[in-house]
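Asks: One structure follows; several queries about it will come next.
Computed from the coordinates by the stated procedures, all read-outs in this text should not be read as laboratory data. This one's a predicted model, so the numbers in the text were calculated from it and none came from an experiment. In this analysis, Cβ positions are derived from the backbone assuming ideal geometry, glycine residues included, and neighbour counts consider all displayed protein chains.
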Amino acid sequence: MASHATIRLITYTNELVNGETIYVSSNCLPIKASHFEPAGHSFHDVALKLRGYFEEENVADDDDNLPKDKENEYMQSSDSYSSKGKKKSGDKATQQDHYALLGLGHLRYLATEDQIRKSYRETALKHHPDKQAALLLAEETEDAKQAKKDEIENRFKAIQEAYEVLMDPTRRRIYDSTDEFDDEIPTDCSPQDFFKVFGPAFMRNGRWSVNQPIPSLGDDNTLLKEVDAFYDFWFSFKSWREFPHEDEYDLEQAESRDHKRWMERQNAKLSEKARKEEHARIRSLVDNAYKRDPRIIRRKETLKAEKQKKKEAKFMAKKQQEEEAARIAEENRLKKEEEDRQAAEAASNQKKIKEKEKKLLRKERTRLRTISTVVVSNKLFNISQDDVENICMSLDLLQLRNLCDNMEGKEGDNQSQAELLKEAISSGHVEKNHETENSQQNGSVKVNGSVSRSTFEKKEKPWGKEEIELLRKGIVKYPKGTSRRWEVISEYIGTGRSVEEILKATKTVLLQKPDSAKAFDSFLEKRKPSVNISSPLTTREEVVGASSTVSPTPTQPDVAPPKLSQDANKVELVGSSSDQDVWSAVQETALVQALKTFPKETNARWDRVAAAVPGKSVVQCKKQFALLKEKFRNKKK
């Protein structure tokens, strides 16, 4: 195609350099744009080609006319290409950007497998060494050509490695974990800027979440249910982020399975600390946001206000209840004080009345004694001072007053006064006998003109020892749950005790402790009576009693008494010298009573005891006391 020299290229002018606005237009035909629209020199080159104008100066390789859509990439040197070795290198400065090599720098970790695969095909086709062979011809020396060739091959190998890494899920996760990321956690902000500060932080860290999509922080009008769901998600946050260490072993370099497992264990130890730090960092972010979230703060304040309100209401209710209880207690106290005061007044009035009556009664009695002095001194109708006293004690105030008035009315007539006293004495005996009969019938006794309170109350019959023993056995024999238990026990005792008496006895009689002072007496009562053996050894009293009761018989006329006296003398001699003495029940009872009468502190105790026991000496009393004491102890065991 022939070129036209009249067409000039666009050059920079002073107006453009000075920054002034210049409007440029063209009348060229529409241009078919595949992906990008040409601009500047490219626009004019395309326009000249379409119009048929062409200059050799502007002819260049096809690659120069392509749009520079993926030229913003850095080249990795051939020395730093190989990353295979015993240990990985953690230097991010020498690590290549796989996303930038494939033209996915704007997507990065968000790029899908389809996008990675499509971009790799385009990039590999463009930078294939066969496509870049024309660049070697532009070099003049062999060394420059070899360097250019190595550069093209390293670039293509880097593209292949980037594709392999990004298509492998494990290696891509490790690479994404080491990608540039802002780990800063906001610590403080004003309530108005909370969503502006913490919203991007949560979105930024949400890329590490295993569960996608992540919930949004929302705004000030978000429902509390959604807010709770958001914080529940972040409190249980699960991260897929890996933490490769600069001293981490490369599993591809393992020589055997055991070697690989050993490498995995070593790598796990190195990354465990980083995992804990990452978890603490995320938890710190969530805690800071939860403390400063205005929605959570408002809810806490609302709950606190409600709790305080309930507390105050409970306190007021309790206070009202206490005040009501105090008021009722005060009313009861005042009422009781009033009742006590009235009762005290009534008792005081009653006491005054009684004192007044007693005073009047004493006055009338003195008056009667004074009036009856003449009658008693003259002994009319055999009336003595004791009869006058009986009249004074038997008659009440009104009767004494009438009697005194009648006697004063017949003053000077001693005979009439004596008759009045005689009548009073006779009427007093009749009333006394009548009252005695009533008291025997009703169970009451009249003393000084007053009837006791137990007049109409039935006197309880005391419980005997046999009844108490039967009651104990009956309670054991008929335990709780027995039908009509107390009626059955009453029939078992067989003494006509009522159910009320039995119930009362179970609470009083059965609970009483046995009297230790009467233990020895009960022992003697329970002891079996001794067998009377006919023996010539008898006591002096028994001999004397026997001699007094024995009557002469025809076979034994007057010889028996002197024989008995001789036998008694022999008994005295044998009893004083024999160790095995015989004690009768009368003597044992006398010994026990003497021991009770004369305690240990008594002077000459055993002499007095022996004197109280008929026919026994001090030594015999001591021996018998020792025997009785030993028997009592054995019985107690």
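Asks: What dipole magnitude, in Debye to the nearest 20, does region 236-339 give about its Cα centre under +1 on Lys/Arg Cβ and -1 on Asp/Glu Cβ?
Replies: That gives region 236-339 a dipole magnitude of about 520 debye.
Asks: Taking a 29 Å limit on the Cα-Cα distance, which of the listed pairs LYS358/LYS410; LYS49/LYS126; LYS225/LYS311; LYS477/LYS631 fall beyond it?
Replies: Checking Cα-Cα distances, LYS477/LYS631 exceed 29 Å.
Asks: ³J(HN,Hα) across region 257-268 via Karplus (A = 6.51, B = -1.76, C = 1.60, θ = phi - 60°), whole Hz, x for Gly/Pro?
Replies: For region 257-268, the Karplus curve yields 5, 5, 4, 5, 5, 4, 4, 5, 5, 5, 5, 5 Hz.
Asks: Okay, moving on. In whole Å, what is the distance between the alpha-carbon centres of region 601-637 and region 206-234?
Replies: Distance between centres, Cα-based: 104 Å.
Asks: Output the relative contact order of region 465-514, whole-number percent, from Cα pairs under 8 angstrom with separation of 6+ residues.
Replies: 35
Asks: Suppose every K and R has +1 on its Cβ and every D and E has -1 on its Cβ; what is the size of the dipole of region 465-514 about the Cα centre, in Debye to the nearest 20?
Replies: So the dipole magnitude of region 465-514 works out to roughly 280 debye.
Asks: Each residue of region 104-109 in order: what ³J(HN,Hα) in whole Hz does its phi give by Karplus 6.51 cos²θ - 1.76 cosθ + 1.60, θ = phi - 60°, with x for Gly and Pro?
Replies: 10, x, 7, 9, 6, 5
Asks: If you add up the charges near ALA268, with Lys and Arg at +1 and Asp and Glu at -1, over every other residue whose beta carbon is less than 12 angstrom from its beta carbon, what do you get?
Replies: Net charge in that neighbourhood comes out at +1.
Asks: Additional query: Identify, among SER177, LEU136, HIS98, the residue whose Cα sits farthest towards the positive end of the charge dipole of region 98-178, taking +1 on the Cβ of Lys and Arg and -1 on the Cβ of Asp and Glu, with the dipole about the Cα centre.
Replies: In region 98-178, that residue is SER177.
Asks: Roughly how many debye, to the nearest 20, is the charge dipole of region 304-428 about its Cα centre, given +1 on each Lys and Arg Cβ, -1 on each Asp and Glu Cβ, and no other charges?
Replies: 1300
Asks: At a threshold of 8 angstrom on Cα-Cα distance, excluding pairs fewer than six apart, so keeping six or more, what relative contact order does region 88-170 reach in percent?
Replies: Details: 53 pairs, mean separation 32.2, N = 83.
Contact order relative to length: 39 percent.
Asks: Here's a follow-up. Over region 304-428, what is the mean sequence separation of C-alpha contacts under 8 Å (at least six apart), divided by residue count, expressed as relative contact order in percent?
Replies: 24
Asks: May I ask for the equivalent-ellipsoid semi-axes of region 160-252, computed as the square root of five times each C-alpha gyration tensor eigenvalue and listed largest first in whole Å?
Replies: The answer is 33, 15, 12 Å, longest axis first.
Asks: For a quick protection proxy, order the peptides 251-264, 388-401 by their average other-Cβ count within 10 Å, most packed first.
Replies: Ranked from most to least packed, the peptides come out as 388-401, 251-264.
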